[in-house]
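See structure below.
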Amino acid sequence: MRKKITKSKIVFGLFPSQKLAKRVARKLKYKYSNIIVSKFPDGEFSIKFPLEIKNKEIIIIQSLINPNEKILELLFIGNTAKELGAKKITLVAPYLAYMRADRRFHKGEVISANILARLLSSCFDELLTIDPHLHRIKKLSDVFKIKAKRLTSVKLLGEFIDKNIKDPIIIGPDAESYQWANSVAKHIGAKAYVLKKRRLGSRKVIINVKGFDIKGKNVVIVDDIISTGHTMIETIKGIKRANAKGIYCICVHGLFVENAYEKMIKAGAKKIYTTNAIPHKNSKIDVAPLIIRAIKENKLS
Ligand code: R5P
């Protein structure tokens, strides 16, 4: 007999995460709904909960790719859910934007990670996110005032590589990728090398691909984020010079801005895979099980 849908818990999916949100709701047997988001002629948001949320536990799922408008959308939604008397408001942001600016790199600069965390803490009760770019900030609780849980897709990435790529060598393109590259390699018992990167600008990096033997090997470059793809492209170029057999790129969050995907293929990537934390044609690694488990366990800390 099919278990009945729990009506006191509602999952709301927002673009681009409705498909993921629907799957999470279905598996948890919670009610699912969209939130009605449209715009007035002048560009201002008009947002409406189509269901009664008073005394309900609600879960909003939205990945923050192209984050600026989405953040405003979430602030409106979180505040409104409070005003309408929701019992608990959880934000699941599979990709949490603005985490890379985690210190003032230059005088006068905004530290976006801290401010975003403060804003979201003001209108949600809990946050769940997947592999946030935590580097100089060590824990989400250092910046969030609400319960915030960091989930990791490392095991899923490892299992995917194990199943699909023969005898891989894992490469992390820079020091910040260490935590992903190394953990993935450990997970599948593969060798890992982490390279040194120097960033000269948003679209310019120099990567030192030297000092190891990858001739004739399948190389998998693992990182948390692919944005412009330049980190991957420079790594691919270096690996090609070292005569690797096949070059694969895997990351958690594929932003693929400015045709990054096509440029990486042109540079020599055989295949590029990501998780569906940000949906894309090649987001073959499903993070729904991570979210479902965390919600079931409800141990956000
Ligand atoms: C930064 O350290 C991240 O881990 C990624 O390496 C970076 O965001 C990739 O950016 P891009 O694709 O623009 O080189």
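Computed from the coordinates by the stated procedures, all read-outs in this text should not be read as laboratory data. Note that this is a predicted model, so its numbers are computed, not measured. Note: ideal-geometry Cβ built from the backbone for every residue, glycine included; neighbour counts use all protein chains shown.
To one decimal place, what orientation-averaged projected area in nm² is obtained for the convex hull of the Cα set of the range 159-301?
Computing the convex hull of the Cα atoms and averaging its projections yields 9.1 nm².
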Inset, instruction - List the trypsin sites (Lys or Arg not before Pro) within the range 105-168 that fall in a DSSP loop (any state other than H, G, I, E or B) and whose Cβ has at most 15 other Cβ atoms within 10 Å. - result: Lys107, Arg136, Lys138, Lys139, Lys145, Lys166
Inset, instruction - Please list, or write none, the aspartates and glutamates whose alpha carbon is within less than 20 Å of the alpha carbon of Lys31, excluding same-chain residues fewer than 8 places away. - result: Glu52, Glu57, Asp125, Glu126, Glu297
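Would you check the range 161-208 for Lys pairs whose C-alpha atoms are within less than 24 Å, ignoring same-chain pairs closer than 8 in sequence, and give me the count? Show your work: numbers first, answer last.
On the way: Lys163/Lys186; Lys163/Lys191; Lys166/Lys186; Lys166/Lys191; Lys186/Lys196; Lys186/Lys197; Lys196/Lys204.
Lysine pairs, 8 or more places apart or on different chains, close enough: 7.
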Inset, instruction - Of all alpha-carbon pairs in the chain, indicate the percentage at a distance above 36 angstrom. - result: 21 percent
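DSSP loop trypsin sites (Lys or Arg not before Pro) in the range 207-283 with at most 11 other Cβ atoms within 10 Å of their Cβ, which ones? Walk me through the numbers before you get to the answer.
Numbers: sites: Lys210, Lys215, Lys217, Lys237, Lys240, Arg241, Lys245, Lys263, Lys266, Lys270, Lys271, Lys281; in loops: Lys210, Lys215, Lys217, Lys245, Lys270, Lys281.
Here the trypsin sites (Lys or Arg not before Pro) that fit, given the DSSP loop and packing criteria, are Lys210, Lys215, Lys281.
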Legend entry - Under-5 Å amide H pairs with Leu128, H placed in peptide plane, nonlocal only: Leu91, Val92, Ala93, Lys149
Inset, instruction - Averaging sequence separations of C-alpha pairs under 8 Å and six or more residues apart, then dividing by the length of the range 54-169, give the relative contact order as a whole percent. - result: 23 percent
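Check each of the GluC sites (Glu not before Pro) in the range 83-136 and keep only those in coil by DSSP with at most 12 other C-beta atoms within 10 angstrom; list them in order. Could the numbers behind the result be given before it?
Details: sites: Glu83, Glu109, Glu126; in loops: Glu109.
Hits after loop and neighbour filter: Glu109.
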